[in-house]
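**Student:** Structure incoming, see below.
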Amino acid sequence: MRGILKNVIVWILQAEAKAVLRKYKPRVVAITGSVGKTSTKDAVYAVLSKKFYVRKSEKSFNSEIGVPLTILGLGNAWGNPLHWLQNIIDGLSLIVTTRPYPEWLVLEVGADRPGDIKSLASWIKVDVAIITRLPEVPVHVEFFDSVEAVIEEKASLMDAVRPGGSILLYADDERTRKLEQRLPAIDARIVLFGFHDEVDVWVHKFEVIREEGGYNWPIGMRATITVEEESAPVQIMGSLGQHAFVPAVAAAAAGYVLGVSLPEIVAGLEAYEPPPGRVRLLPGIKSTLVIDDTYNSSPAATEAALHALALTKPTRAIAVLGDMMELGRVSVEEHRKAGAMVAKVCDLLLVVGVRARDIAMGALDNGMKDENILQFEDASKAAAEVQNILQEGDAILIKGSQSMRMEKIVEEVMLEPERAVELLVRQDREWKRR
């Protein structure tokens with residue numbers, strides 16, 4: 001019964017969203033990929049809002065129901081039927097009356113199952129499509145026949161681009177760049193962005209920004225952004241690693257194709273703040289540094305997070321890693337590869353969940369001592385022990401798939417737990433009940 005009700009609500013909200021698009025005719029930026037969609041969405045919003053009236057997807061509204069909610073400007077009603085009814089009424093009101101409506105929508109588009117993006121692309125016409133990284137082993141791969149099937153699903157967003165629109169591709173990922181050869185049957189402009197000078201928009205000269213005094217913990221990154229022949233310095237605070245600039249360079253490319261000047265692009269990016277749970281740097285208890293990467297997990301994202309941990313140059317590097325879900329037949333292999341990376345970077349490893357035991361095995365097989373590895377069934381049991389383990393000068397990376405609820409551990413070791421609602425993922429009342 002619940003499934004039927006959900007399908008009815010989705011159908012109604014999509015019908016209302018289609019009507020709103022026809023009535024108000026906003027222009028659309030749509031973002032997909034297997035890594036960095038939400039961060040890119042936030043960065044694009046920061047840049048475009050300097051020049052246009054813009055609305056973005058809230059949090060990670062990227063599904064068959066999240067996208068219509070964004071178009072309608074409505075929130076998630078979770079399991080409350082009355083709130084869903086109110087959403088439907090509010091959506092209808094937007095159709096039958098005339099209100100101020102954004103010039104641009106910045107939509108995040110995800111694919112949990114085959115056909116998700118193709119379905120959305122059938123009724124949303126896109127002015128600018130952005131495709132970020134397409135890793136070798138993406139999240140949700142277990143629901144597709146192959147990695148190639150995942151890539152094709154993501155690439156179907158290109159088919160939604162209007163004639164004369166733009167397709168922005170992350171050129172440093174070979175799977176994404178190959179999509180340049182998969183041009184849709186319309187006149188679209190291809191723009192490449194990345195980290196080398198053979199592309200249209202690129203970022204280079206990376207530098208870690210560190211606090212003064214104490215342990216000189218990293219507080220952000222600085223780099224130079226170049227659009228055609230014009231360059232300017234830009235910094236991203238609160239995150240770490242070269243990958244932190246993928247959203248920034250994608251947003252700069254979006255600004256470039258839409259006529260936003262480089263000074264306006266830089267001003268927008270200065271206001272951009274990486275979303276919670278995406279390699280966020282947080283002060284920890286006992287003069288430690290917490291790298292909160294608890295939104296979700298995949299092999300590529302775990303590798304990037306471990307590289308960020310290495311940049312902190314701590315007294316001890318500690319990784320707390322939970323299960324990476326939905327990897328299907330490659331799950332054991334990818335968890336063990338993650339363990340091999342941990343052995344090169346970390347002094348201590350804590351694993352959470354059944355699948356993460358293979359991270360421990362991978363670390364053991366690559367030289368990490370058994371006494372430096374602890375295993376836990378769930379995040380709640382790990383949280384108390386992490387507090388006891390931490391010492392001054394430690395940097396701790398906390399990461400795992402959404403269902404592992406690794407943010408519970410971050411809340412236990414962050415210096416300001418009273419700011420959890422502001423700084424951490426999944427702090428809604430409905431999530432806290434789970």
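**Student:** Taking the range 245-268, which residues are surrounded by fewer than 24 Cβ atoms within 10 Å (Cβ to Cβ) and of a type in the set (Gly, Ala, Ser)?
**Tutor:** Selection gives Gly259, Ser261, Ala267.
**Student:** Turning to a different aspect of this structure: Of all residues being farther than 30 Å from Gly241 by Cα and of a type in the set (A, V, I, L, M, F, W, C) in the range 180-198, which is modelled with the highest pLDDT? Just the residue, please.
**Tutor:** In this case the residue turns out to be Ala188.
**Student:** Touching a Gly at 6+ places or on another chain (Cβ under 7 Å) and hydroxyl-bearing (Ser, Thr, Tyr) - does that describe any residue in the range 4-27?
**Tutor:** Within the range 4-27, none of the residues are touching a Gly at 6+ places or on another chain (Cβ under 7 Å) and hydroxyl-bearing (Ser, Thr, Tyr).
**Student:** Follow-up. Which of the residues belonging to the range 276-299 are under 17 Å from Glu136 (Cβ atoms) and either open to solvent by less than 10 Å² (accessible area, probe 1.4 Å) or among the β-branched types (Val, Ile, Thr) (or both)?
**Tutor:** Those that are under 17 Å from Glu136 (Cβ atoms) and either open to solvent by less than 10 Å² (accessible area, probe 1.4 Å) or among the β-branched types (Val, Ile, Thr) (or both): Ser297, Ser298.
**Student:** Another question about this same structure. Hey, any hits in the range 107-120 for a residue that's within 17 Å of Ala254 (Cβ to Cβ), out of contact with any helix residue (DSSP H, G or I) (no Cβ under 7 Å at 6 or more places or on another chain) and open to solvent by 50 Å² or more (accessible area, probe 1.4 Å)?
**Tutor:** Looking for residues that are within 17 Å of Ala254 (Cβ to Cβ), out of contact with any helix residue (DSSP H, G or I) (no Cβ under 7 Å at 6 or more places or on another chain) and open to solvent by 50 Å² or more (accessible area, probe 1.4 Å), one finds none in the range 107-120, hence no.
**Student:** Determine, yes or no, whether Ser63 is polar (S, T, N, Q), surrounded by fewer than 20 Cβ atoms within 10 Å (Cβ to Cβ) and under 21 Å from Leu262 (Cα atoms).
**Tutor:** no
**Student:** Hey, another quick one. Do you know which residues across the range 243-262 are of a type in the set (Val, Ile, Thr) and more than 14 Å from Arg189 (Cβ to Cβ)?
**Tutor:** Val246, Val249, Val260
**Student:** Let me ask you something else. Would you be able to tell me the number of residues in the range 86-100 that are open to solvent by 30 Å² or more (accessible area, probe 1.4 Å) and in contact with a helix residue (DSSP H, G or I) (Cβ under 9 Å, 6 or more places away or on another chain)?
**Tutor:** The total comes to 6.
**Student:** Looking only at strands (runs of 3 or more DSSP E) that lie completely in the range 53-153, which have at least 1 residues being of a type in the set (Asp, Glu)?
**Tutor:** Result: 104-108, 126-131.
**Student:** Within the range 28-39, can one find any residue that is in a helix (DSSP H, G or I), out of contact with any helix residue (DSSP H, G or I) (no Cβ under 7 Å at 6 or more places or on another chain) and touching a residue at least 40 places away in the same chain (Cβ under 8 Å)?
**Tutor:** Yes, that holds for at least one residue.
**Student:** Next up: Please specify each residue of the range 18-35 satisfying the condition of being open to solvent by 30 Å² or more (accessible area, probe 1.4 Å) and at pLDDT below 95.
**Tutor:** Val35
The values are calculated or read from the model by the stated rules, or taken from the named source; none is laboratory data. In this text, all values refer to a predicted model and were calculated from it rather than measured experimentally. All Cβ positions, even for glycine, are placed from backbone atoms using ideal geometry, and neighbour counts span all protein chains on display. Just the protein is used for accessible areas: all its heavy atoms, side chains included, with ligands, DNA and RNA removed. Shrake-Rupley method; radii C 1.70, N 1.55, O 1.52, S 1.80 Å.
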